[in-house]
């Protein structure tokens, strides 16, 4: 049966451009990315059915390539920090692509030995991998399966067009993009805000009610507690400036403390199963080395080749590190820095691949606390630098150390993002009978495609909008929340001016939330994921409130789906509709960035002036809500 074919590679590469651009935009806007396996599988099946002769294994290769590339886009949680610091003015194509490629390839290689232990030899649920396998099996069938696949593709297209259409109206100023209201609270201030964003609504549907309620808890803690408290007595008459200033200067660092504690707790909870999984992987490799004959569906890339690739990848990594510090204040320490960083990447890579692979199997790649891994990685690199070369003697040296910490973390983060996705794809392959080594080759190909796509999209968005916190950032700058947080932590650790009291308060809040979440778990009630609460504290309300709304809408849709004759099919159509909402707005955002960059104007598509704003507000609200109702009504019909 056809599997790793030329056309599957080409189609996977084309889908890579689509989903990588969408994920880069969404990640920089709101700090979240979405799983691309299911929409990639649906699109692939529809296209290969037209070309004739497509097989379920060929479609699996397409979704594997597109999924790996889309997941690699999470590298934007770190790399924009170099622009935010002012160390980079843009994203040099070769360097950025090489960072993505080396980290991604290591992520694939480190996760190869874990397949038997964490996929075939465990009872981890792999929610997204199992869902993608089910989509492939149904869509590859003739008759009703083919009809469902075509209907699913139409759902993605229609919701994408609706989402892009709303974004176009906002760009034309015919609708407002954000609604906000700020008020006085005693001698302080607070406020409420939301974006009219279908992408955020779709994210809410996908993450579910538990994460949505956790984010709502974070919103309440911040805007009904932290901001009013810390703004008491702040001088000034501009209530908007006071509330947002306190949020950026105080609440965000508290949120960082909550996220850090939640990330550490998550890792501690799963360390036992991870150690067990690694032992099983080593035992499986020993059995294969003794001459045991394995069926085709159990053949991984040979472990010796995997080891050689890992060691060979250290050479370009060492060169990238040397090139990054050459001619700068850290050049005198280049030998010790490069040697210790390469060892750190090797050791951290093994642990991170295991952690992220297990987390993806347990709760899904989309829900894994991948940003928490980035936080721990940058702190680890920063402490390593302090141990071997000490604190910077001047501002220039300190800035160079912070930049180097971010650059090294970006490579480690590439390992994390790919290993967070690999085992999910390999689970899909196991269910549909794919050959593991062919999938692993496809994952490497996906990393290559993603590495070529990411630098250009990053540069385009940087030139058009910029990033919040960067020198000369525009009003519509993308939030880049994780990059801003990780760069701030690196600056604090290496510069010695970390806001420890605020981080400590956030850590206390995190401990309390962890205790509440554990009690809810024992009582079998709706959980309150600590990382979700931390994100609710850390992110602006304009980016989180609609995620909460989307989680409620998605939960109500799923409740309706449970009453249908085929609940799983109905739920899948809800996932496809939500994905379309994300893809449509995200791709329009990338296209709009190109228009902004080409024209040099902040609002090149505006057709009305400020006098139209009342109509844009109330009319836009009505249209936004009405279209949401129509989209879900249409999705219900399609699922039947």
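Among the residues of segment 195-239, write down those that are touching a strand residue (DSSP E or B) at 6+ places or on another chain (Cβ under 8 Å) and not in a helix (DSSP H, G or I).
195, 196, 231, 232, 233, 234
Examine segment 455-475 for a residue that is farther than 18 Å from residue 26 by Cα, over 20 Å from the mean Cα position of the chain (by Cα), free of Cβ contacts under 8 Å to residues at least 24 places away in the same chain and crowded, with 18+ Cβ neighbours inside 10 Å, and state whether such a residue exists.
no
Going through 101, 41, 97, 22 one at a time, which residue ends up being within 19 Å of the chain's Cα centre (by Cα), assigned by TED's automatic domain parsing to the domain that holds residue 440 and crowded, with 24+ Cβ neighbours inside 10 Å?
The match here is 22.
Please find, among 139, 145, the residue that is surrounded by fewer than 17 Cβ atoms within 10 Å (Cβ to Cβ) and at pLDDT below 70.
The match here is 145.
Suppose we filter segment 48-65 for residues that are in contact with a helix residue (DSSP H, G or I) (Cβ under 6 Å, 6 or more places away or on another chain) and either surrounded by fewer than 18 Cβ atoms within 10 Å (Cβ to Cβ) or at pLDDT below 80 (or both); how many remain?
Here the count works out to 1.
Mind counting the residues in segment 560-595 that are closer than 21 Å to residue 200 by Cβ and either assigned by TED's automatic domain parsing to the domain that holds residue 29 or out of contact with any helix residue (DSSP H, G or I) (no Cβ under 8 Å at 6 or more places or on another chain) (or both)?
1
Just the residues that are closer than 14 Å to residue 633 by Cα and either more than 21 Å from the chain's Cα centre (by Cα) or part of a loop (DSSP other than H, G, I, E, B) (or both), please, taken from segment 560-580.
560, 561, 570, 571, 573 - these are the residues of segment 560-580 that are closer than 14 Å to residue 633 by Cα and either more than 21 Å from the chain's Cα centre (by Cα) or part of a loop (DSSP other than H, G, I, E, B) (or both).
Conditions first: (1) at negative phi; (2) in the same structural domain as residue 243 (by TED's automatic domain parsing). Residue 524 passes all but one, so which condition is the exception?
Looking at each condition in turn, residue 524 falls short on (1).
Does residue 70 qualify as being within 30 Å of residue 535 (Cα to Cα), at pLDDT 80 or above, part of a helix (DSSP H, G or I) and within 16 Å of the chain's Cα centre (by Cα)?
no
Conditions (1) at pLDDT 85 or above; (2) buried (at least 18 other Cβ atoms within 10 Å of the Cβ); (3) part of a helix (DSSP H, G or I), marked per residue:
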residue: 490; (1), (2), (3): yes, yes, yes
residue: 506; (1), (2), (3): yes, yes, yes
residue: 509; (1), (2), (3): yes, yes, yes
residue: 514; (1), (2), (3): yes, yes, yes
residue: 518; (1), (2), (3): yes, no, yes
residue: 526; (1), (2), (3): no, no, no
residue: 531; (1), (2), (3): no, yes, yes
residue: 536; (1), (2), (3): yes, yes, yes
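Check residue 605 against each of (1) touching a helix residue (DSSP H, G or I) at 6+ places or on another chain (Cβ under 6 Å); (2) part of a helix (DSSP H, G or I) and name the one condition it does not meet.
(2)
Report yes if residue 224 is closer than 30 Å to residue 354 by Cβ, out of contact with any helix residue (DSSP H, G or I) (no Cβ under 8 Å at 6 or more places or on another chain) and surrounded by fewer than 17 Cβ atoms within 10 Å (Cβ to Cβ), otherwise no.
no
Let's see how each residue does on (1) out of contact with any strand residue (DSSP E or B) (no Cβ under 9 Å at 6 or more places or on another chain); (2) at pLDDT 90 or above; (3) assigned to a helix (DSSP H, G or I):
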| residue | (1), (2), (3) |
| --- | --- |
| 373 | yes, no, yes |
| 377 | yes, no, yes |
| 400 | yes, yes, yes |
| 406 | yes, yes, yes |
| 417 | yes, no, yes |
| 423 | yes, no, yes |
| 429 | yes, no, yes |
| 434 | yes, no, no |
| 441 | yes, yes, yes |
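The values are calculated or read from the model by the stated rules, or taken from the named source; none is laboratory data. Everything numeric in this text was worked out from a predicted model, so none of it was measured. Every residue, glycine as well, gets a Cβ built from its backbone with ideal geometry; the counts of neighbours run over all protein chains shown.
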